[in-house]
Amino acid sequence: MQAGKIRFSFAVLLALIAALITIGACVWLFWLSPQNRATDYVTAPAERGDIEDSITALGTLGPLDYVDVGTQVSGQLMRLHVELGDRVEEGQLLAEIDPTLYLARVEASTAQLANLQAQLADREAQHTLARLQAERQQNLIKLDATSQESVESAEATLRSAVAQIAAVKAQIRQTESTLRGDQADLDYTRISAPMAGTVVQQLANQGQTLNANQTAPIVVQIADLSTMTVRTQVSEADISRLEVGMPAYFSTLGRPERRWEGNLRQILPTPEVINNVVLFNALFDVSNSDGDLLPQMSAQVFFVREAAENVLTIPVAALNPKNSAARAKTSETLNMSRPGTSNQVQVLNSNGEVEQRAIRIGMRNRVIAEVLEGLEEGEQVITGGLPHNADGGSSRSSRRYM
């Protein structure tokens, strides 16, 4: 009886072991099935899209044309006729400096000029008298009716009268020059706009005393906001990749969905060093006819080296390192008469098998690459999850992916 129980228990144990083995085998086969090996591979389709190879940088907006309007004379800012944001026309009166002192100078110079002109009239009258006396003495000496000394005295008086006229005329020219300067200073007390534009800065207030003896104090800044300049700081690693005339565009923090476009106008030769980082200023201009752009706005800038639309693209992660064998295979397989770079990818073919594929790529950026030859739209390329042997192939290249 006891032996029968032992045999029964042993049989049950064997049955359990067999069942576990069977279940394990089924699980293993299930795991090996193509449907359940799909997670081994990360794939992406070759698809049509736009690609751009660009250099990014940060920039600041400013007006292309602007002028700092200052004063050339000292004095109290008596009236300020404009405010920030006002639109002004060329020649429009912006501000007035107290003209009292300059009016007094003009009046003094005018009076002095009048005095000299009166002296000139007197000297000219004296000259006329001296000339007549000299002529009379010349006639008398011919008749032996006067002495030679009287003739010489009359001639000397005439020459003196001529010299006095010249001296007064020189003083008149000097005074006229002083008067012109005084009149100019008086005119400078009325500050007018040198260009049409918008008042973007106000650096002086009405009633403030301005001292123009050493520097010209700035009253307002006027800018033409119809065209804006983007001043972009580009690192020394990227500056050599920029070329004058290349396309550029930017978006602002407030309008990230909108793109303003232009062309690189200038690269300034002198860099700025900020926290030991060497940055070069690159400038380009954009139209601002709608007035959405304002000075000092920040801009995310893109300098476009290459761009293409509606081309076949794949992720850069799908590109495999090339060895000599791969390069040789690519050269034999592809038409290399057109510009491009040979490369290798791994493709899941129509049978679900992984195969090596020689392709030729055109432009690329950090994310995607343009496929010139070797792939068709919709084909699946492997971007990850597939280990490579030392020869660039796959250790599971014959495994199916259904």
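Looking for something outside the structural domain of residue 268 (by TED's automatic domain parsing) and within 30 Å of residue 56 (Cβ to Cβ) - is there at least one such residue anywhere in region 163-178? Lay out the reasoning, then the answer.
Looking only at region 163-178, we keep the residues that are outside the structural domain of residue 268 (by TED's automatic domain parsing), and these are 163-178.
Applying the additional criterion that residues be within 30 Å of residue 56 (Cβ to Cβ) yields none.
So far as region 163-178 goes, no, none of its residues is outside the structural domain of residue 268 (by TED's automatic domain parsing) and within 30 Å of residue 56 (Cβ to Cβ).
The single condition among (1) in contact with a Leu (Cβ under 7 Å, 6 or more places away or on another chain); (2) farther than 26 Å from residue 196 by Cα that residue 58 does not meet is (1).
Of the conditions (1) modelled with pLDDT under 95; (2) closer than 26 Å to residue 294 by Cβ, residue 211 fails just one. Which one is it? Residue 211 satisfies all of (1) modelled with pLDDT under 95; (2) closer than 26 Å to residue 294 by Cβ except (2). Residues that are of a type in the set (D, E, K, R) and at pLDDT 95 or above within region 262-286 comprise 265, 285, listed in sequence order.
Screening residue 166 with (1) touching a helix residue (DSSP H, G or I) at 6+ places or on another chain (Cβ under 7 Å); (2) exposed (fewer than 13 other Cβ atoms within 10 Å of the Cβ) gives one miss only, at (1). When region 113-132 is filtered for residues that are in contact with an Asp or Glu (Cβ under 9 Å, 6 or more places away or on another chain) and surrounded by fewer than 16 Cβ atoms within 10 Å (Cβ to Cβ), nothing remains.
Against the conditions (1) exposed (fewer than 12 other Cβ atoms within 10 Å of the Cβ); (2) of a type outside the set (Lys, Arg); (3) touching an Asp or Glu at 6+ places or on another chain (Cβ under 7 Å), residue 253 satisfies every one except (3).
Could you please let me know if residue 263 is over 18 Å from residue 304 (Cβ atoms) and among the polar types (S, T, N, Q)? Break it down stepwise before answering.
Numbers: over 18 Å from residue 304 (Cβ atoms): no; among the polar types (S, T, N, Q): yes.
The answer is no for residue 263.
A single entry from 223, 166, 196 fulfils the requirement of being farther than 22 Å from residue 290 by Cβ and at pLDDT 95 or above: 166.
For every residue, the table says whether it meets (1) at pLDDT 90 or above; (2) part of a strand (DSSP E or B); (3) in contact with a Phe, Trp or Tyr (Cβ under 7 Å, 6 or more places away or on another chain).
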{"position": "294", "(1), (2), (3)": "yes, no, no"}
{"position": "301", "(1), (2), (3)": "yes, yes, yes"}
{"position": "329", "(1), (2), (3)": "no, no, no"}
{"position": "351", "(1), (2), (3)": "no, no, no"}
{"position": "358", "(1), (2), (3)": "yes, yes, no"}
{"position": "361", "(1), (2), (3)": "yes, yes, no"}
{"position": "386", "(1), (2), (3)": "no, no, yes"}
{"position": "392", "(1), (2), (3)": "no, no, no"}
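The strands (runs of 3 or more DSSP E) falling completely within region 46-100 that include 3 or more residues that are touching an Asp or Glu at 6+ places or on another chain (Cβ under 6 Å) map to 47-70, 75-80.
Here is a check on your reading of the model: is residue 112 touching a Ser or Thr at 6+ places or on another chain (Cβ under 8 Å), closer than 30 Å to residue 169 by Cα and either in contact (Cβ under 8 Å) with a residue 24 or more places away in the chain or of a type in the set (Gly, Ala, Ser) (or both)? Judged against the criteria, residue 112 is a match. Taking the listed residues 150, 235, 177, the one that is at pLDDT below 95, out of contact with any strand residue (DSSP E or B) (no Cβ under 8 Å at 6 or more places or on another chain) and surrounded by fewer than 18 Cβ atoms within 10 Å (Cβ to Cβ) is 150, with no other qualifying. Taken together, the residues in region 193-226 that are surrounded by 16 or more Cβ atoms within 10 Å (Cβ to Cβ) and not hydrophobic (A, V, I, L, M, F, W, C) amount to 7.
The values are calculated or read from the model by the stated rules, or taken from the named source; none is laboratory data. Just so it is clear, the structure is predicted and the values come from calculations on it, not from any experiment. Virtual Cβ from ideal backbone geometry, glycine too; neighbours counted across all protein chains shown.
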